[in-house]
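Down below is the structure, laid out as structure tokens.
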Amino acid sequence: MAAVVLFALGASAQAQPIITEIFYNPPGTEGSFEWFEIYNPGPGELALAGMVVESRVATNPRLGNVPAGASALAAGSYAVLAKSALLGTNCRTAGVTIVLEGDFGLNNSNDTGVDNPRIALFPPGTTDVVNTTPWDIVGYRESGFSAAADAQTLQLVDTGADNYIGSNWSLSPLTGCQPWAISPAGPLYGNPGRENTWCYRGLDAGLVEDGGTSSGSPVCLPPPDGGYPDTSMPDRSGGIDAGPGVDVPGYDLVPIDAGPQNPPSIAVSQPAGAVVARPSVEIVYSASDPDNDPLTVALLYDTDASGNDGVLIADGLDPVGSHTWTPAGVPAGSYRILGRALDARGGIAYAYAAGSVTVEAQAVTAPLLTIVKPDGNEGEIDAQCEIVFTHNNVAGTVSLYYDTDSSGENGQPIVGGLAVPGGPTRVSWDTRAVASGSYYVYGRYQTSSGAAVSYSAAAVTIRHANEGCGCEQRRPPAGTWIGLLLVTFLALLARRFAALR
């Protein structure tokens with residue numbers, strides 16, 4: 001069948017897909033997270049709408065299809081075809097993700113006694129999958145294919161290789177790459193939607209920080225900050241030049257080589273004995289790789305000398321060197337230094353230093369706050385009042401208020417959440433909506449070690465321009481009204497006599 005497929009691909013100018021990655025045995029609820037990946041080798045775009053997917057043996061076909069509204073796949077691009085929308089943009093997938101319609105599912109083993117499970121792709125509108133030549137077909141449980149573990153995908157090592165031959169496939173690496181999802185059994189590794197010879201490495205992002213679950217189905221992990229930028233994806237068409245070490249926020253793009261892989265080694269020579277960090281300690285290390293792969297070193301501190309599960313001190317260090325650690329904010333106690341070497345193909349090694357580091361209890365700095373202005377020299381304020389304060393730069397926040405007296409902390413808010421350090425220490429207070437009167441300004445400086453409150457030394461007087469003019473509206477005395485009425489009557493009477501003459 002493979003020879004027929006290859007001939008058909010070569011004889012047609014129509015772009016036809018290549019199956020490049022398969023995830024058929026996820027832990028937990030399999031139907032939600034089963035998927036496979038296709039690649040469009042070109043030269044033109046690939047019309048995916050209506051493409052038929054057979055995901056079981058031809059004698060008992062299980063057929064799904066790409067929705068009619070699916071967009072075409074550009075040459076040199078990847079698409080992930082899945083059963084569930086869970087594999088949408090919330091997962092670490094690049095390229096296009098399509099949820100298939102109809103009956104789609106990937107069998108783990110032979111359930112018919114006739115043939116092993118497979119994936120076959122047919123042109124849109126195909127109804128007879130037995131007598132129609134597929135665009136592509138992979139019998140992923142045939143002889144020569146590795147049995148995929150729960151955490152790994154099957155990956156085609158080269159999109160130019162015959163994907164019906166099991167030796168052209170490998171399991172996704174378990175080390176050196178960020179997982180695309182977390183399952184109850186741990187991280188899931190693979191490269192959904194991107195070239196299989198590359199992966200995103202970012203071990204120090206941490207699985208806890210990325211999210212996870214202790215029960216239920218796998219949980220999707222989000223892409224790196226900013227997503228997977230096109231400029232970092234290797235492009236077989238030659239339009240983009242992206243090599244090892246291309247930076248993605250929080251990640252490095254690193255090659256995965258199918259050649260010999262020997263793990264690196266690392267030693268942490270200092271501290272060699274018990275030392276106290278007052279306030280720092282010098283860490284000396286050395287790492288090497290027998291394959292001469294590029295290396296990076298990370299240093300961590302751990303509460304014991306086992307488990308390789310310390311807290312990061314520094315990463316991206318040269319293979320040989322030293323680092324000065326000042327354990328600010330680290331709880332008092334005894335710690336062991338852990339070194340980690342990671343090579344460019346995912347090889348990893350750990351080693352603990354022979355000595356220990358004692359971190360002493362650190363003095364807690366109480367917050368200090370002073371309201372400098374208003375200071376009583378502002379005069380009367382109408383629309384705006386400048387507030388100035390100082391602090392001792394302990395991490396926290398400052399909130400400002402105004403009050404009718406200088407005690408009690410029962411005033412009205414002006415502004416809150418001013419960051420320390422880095423936030424402003426000079427604030428313009430809009431007083432137009434504040435009633436005229438005399439007010440004190442006070443601030444509350446909140447830190448993890450406590451709070452400090454400071455009132456201004458003097459009150460500020462607010463007097464608005466349309467208030468307090470001293471004007472009064474007065475009614476004329478009662479006699480004035482009588483006189484006016486009499487004058488008016490006489491004037492009218494004189495006019496009447498003049499008219500009669």
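Read-outs throughout are calculated quantities, based only on the coordinates presented, and are distinct from any laboratory measurement. Note that the structure is a prediction, hence the values are computed from the model and not measured. Because the Cβ atoms are built from the backbone with ideal geometry, glycine has one as well, and the counts that use them run over all protein chains shown.
General remarks:
- Here, the range 265-359 is characterised by an Rg to Rh ratio of 0.97, where Rg is the alpha-carbon radius of gyration and Rh the Kirkwood radius.
- Approximate spin-label separation residue 84-residue 463, in nm, with each point projected 7 Å along Cα-to-Cβ: 7.2
- Other-chain or far-sequence residues with amide H under 5 Å of residue 152's (modelled H): 189
- A cut-off of 5 Å between modelled amide H atoms, ignoring neighbours fewer than 5 places along the same chain, links residue 50 with 66, 68, 70.
- Backbone geometry of the range 303-318 corresponds, through the Karplus equation with coefficients 6.51, -1.76 and 1.60 at θ = phi - 60°, to 3J(HN,Hα) couplings of 7, 9, 10, 8, x, 6, 10, x, 9, 4, 9, 7, 9, x, 7, 5 Hz, x marking Gly and Pro.
- Highest mean packing comes first when the peptides 264-274, 151-161 are listed by Cβ atoms within 10 Å, giving 151-161, 264-274.
- Applying the Karplus relation 6.51 cos²θ - 1.76 cosθ + 1.60 with θ = phi - 60° to the range 390-406 yields 3J(HN,Hα) values of 10, 8, 9, 6, 7, 4, x, 9, 10, 10, 10, 9, 10, 9, 7, 9, 10 Hz, where x marks Gly and Pro.
- Amide proton proximity set for residue 194, modelled H, under 5 Å, gap of 5+: 94
- For the range 418-431, 3J(HN,Hα) per residue [Karplus equation, 6.51 cos²θ - 1.76 cosθ + 1.60, θ = phi - 60°, Hz, x = Gly/Pro]: 6, 6, 10, x, x, x, x, 10, 9, 10, 9, 9, 7, 9
- Fraction of C-alpha pairs exceeding 12 angstrom in the range 395-437: 66 percent, rounded to a whole number.
- Two-site FRET efficiency, residue 383 against residue 410, from Cβ-Cβ distance with R₀ of 30 Å, rounded to 0.05: 0.75
- Here, the range 370-466 is characterised by an Rg to Rh ratio of 0.97, where Rg is the alpha-carbon radius of gyration and Rh the Kirkwood radius.
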